[in-house]
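Presented below is the structure to which this report refers.
The values are calculated or read from the model by the stated rules, or taken from the named source; none is laboratory data. Values in this document were obtained by computation on a predicted structure and should not be read as measured data. Every residue, glycine as well, gets a Cβ built from its backbone with ideal geometry; the counts of neighbours run over all protein chains shown.
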Amino acid sequence: MSVVRPDRGSWEHGLPRLPRPLVMGIVNVTPDSFSDGGEHATTEAAVRHGLQLHADGADLLDVGGESTRPGATRPLVAEELDRVVPVIAALAERGVAVSVDTMRHEVARAALDAGAVLVNDVSGGLADPEVLQVVAERGAAYVAMHWRAHATEMQRHARYDDVVAEVVAELRDRLDAAVAAGVDPDRLVLDPGLGFAKTAEHNWELLARLPELGALGAPLLVGSSRKSFLGTLLAAPDGTPRAVDDREDANVALTTIAATQRVWGVRVHQVRGSLDAIRVVERWSEAAGRVGAP
């Protein structure tokens, strides 16, 4: 079974809708990301890594120049621009579909000028409302994530009476704000923001109740890759969390679950295992459909 993926040009005609989850490969051009900070901090290293993820089957590469791990400090705008724009331009020139992971309108504008097709805003427009105007003006695709505060203080905001109901309500506000700013509703994606102002239990509750988020009517992107709640789940007997780079098998399991829930996309560090999981779900679904057919 071959995996068909959208080419870069298909993004010009709307948000790609595949019969499987789209796989977004992570390209962190940062010195301090929680997982791979510093590994791809130069333009050459980041482009090389991005091309490898693309060769592995990624549908989209998400290029980010700001770490959003808990406690991370923000780079200057000029630093973020210097990190991401050359990488995006180089990948786009090679025909690769690229998104920019940013909360800043200046970076979103420069990234779209360099060839990005989507803005992945972890703040959903709360950190910088002008991002929504840039996306609307350019007719770009947009991911609005659930977010309450910047990395230095976000875990102080991990308080909910009903995490799913409150995330749904706050994402609905972000959806309304984006549409009011002129963003095309057909190019909007929502992300529950696993790990952002959330405890491990909050993350599991959101994953268990994904259909309630889907009821908002927008496609869903799930980003669980290598996050701390997986490290906690897989902790050693003495309570030491599993190392960041040793959580991939667990994330492939989550990708399998997400695929059965028909999410629009998954954001991952390693592409190949996630695509393998998605192909298994596709094949199983085909067989199950034949068994259930009259």
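Condition check for G57 on (1) within 23 Å of F196 (Cβ to Cβ); (2) part of a loop (DSSP other than H, G, I, E, B): one failure, at (1).
Checking G57, G125, G65 one by one, the residue that is closer than 24 Å to L213 by Cβ, within 18 Å of the chain's Cα centre (by Cα) and crowded, with 17+ Cβ neighbours inside 10 Å is G125 and no other.
This table checks each residue for (1) more than 19 Å from L60 (Cβ to Cβ); (2) charged (D, E, K, R); (3) surrounded by 17 or more Cβ atoms within 10 Å (Cβ to Cβ).
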position	(1), (2), (3)
G217	yes, no, no
L220	no, no, yes
S225	no, no, yes
A253	yes, no, no
W264	no, no, yes
Q270	no, no, yes
R279	no, yes, no
W284	yes, no, no
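Looking for something of a type in the set (D, E, K, R), assigned to a helix (DSSP H, G or I) and without any contact (Cβ under 8 Å) to a residue 40 or more places away in the chain - is there at least one such residue anywhere in segment 264-272? No, that holds for no residue.
Of the residues making up segment 238-263, just one is in a loop (DSSP other than H, G, I, E, B) and of a type in the set (S, T, Y), namely T240.
Tell me, yes or no, whether segment 241-257 has at least one residue that is closer than 11 Å to V23 by Cβ and not charged (D, E, K, R). Yes, there is a match, as at least one residue in segment 241-257 is closer than 11 Å to V23 by Cβ and not charged (D, E, K, R). In summary, A236 fulfils each of the numbered conditions (1) touching a helix residue (DSSP H, G or I) at 6+ places or on another chain (Cβ under 9 Å); (2) among the small types (G, A, S); (3) without any contact (Cβ under 8 Å) to a residue 24 or more places away in the chain with the single exception of condition (1). Restricted to segment 78-122, and to residues there that are in contact (Cβ under 8 Å) with a residue 40 or more places away in the chain and over 19 Å from the mean Cα position of the chain (by Cα), the residue that is surrounded by the most Cβ atoms within 10 Å (Cβ to Cβ) is A90.
For segment 137-177, the set of residues classified as among the β-branched types (V, I, T), in contact (Cβ under 8 Å) with a residue 60 or more places away in the chain and crowded, with 16+ Cβ neighbours inside 10 Å consists of V143 only. Scanning segment 212-237 for residues that are of a type in the set (A, V, I, L, M, F, W, C) and assigned to a loop (DSSP other than H, G, I, E, B) turns up A215, L216, A218, L234, A235, A236. For A72, the test of being in contact (Cβ under 8 Å) with a residue 12 or more places away in the chain and either among the basic types (K, R) or over 24 Å from V167 (Cα atoms) (or both) is failed.
Name every residue in segment 62-113 that is part of a helix (DSSP H, G or I) and either touching a strand residue (DSSP E or B) at 6+ places or on another chain (Cβ under 8 Å) or of a type in the set (F, W, Y) (or both), in order of residue number. Listed by number, the residues that qualify are V84, V87, I88, L91, A92, V107, A108, A111, L112.
None of R226, R172 is within 15 Å of the chain's Cα centre (by Cα) and among the basic types (K, R) except R226.
Residue count for segment 167-211, restricted to those that are among the polar types (S, T, N, Q) and part of a loop (DSSP other than H, G, I, E, B): 1.
Which one is farthest from M103 (Cα to Cα), of the residues in segment 117-155 that are in a loop (DSSP other than H, G, I, E, B) and among the polar types (S, T, N, Q)? Per the stated criteria, the residue is T152.
Checked against (1) at pLDDT 95 or above; (2) in a helix (DSSP H, G or I); (3) buried (at least 17 other Cβ atoms within 10 Å of the Cβ); (4) not β-branched (V, I, T), R48 passes all but condition (3).
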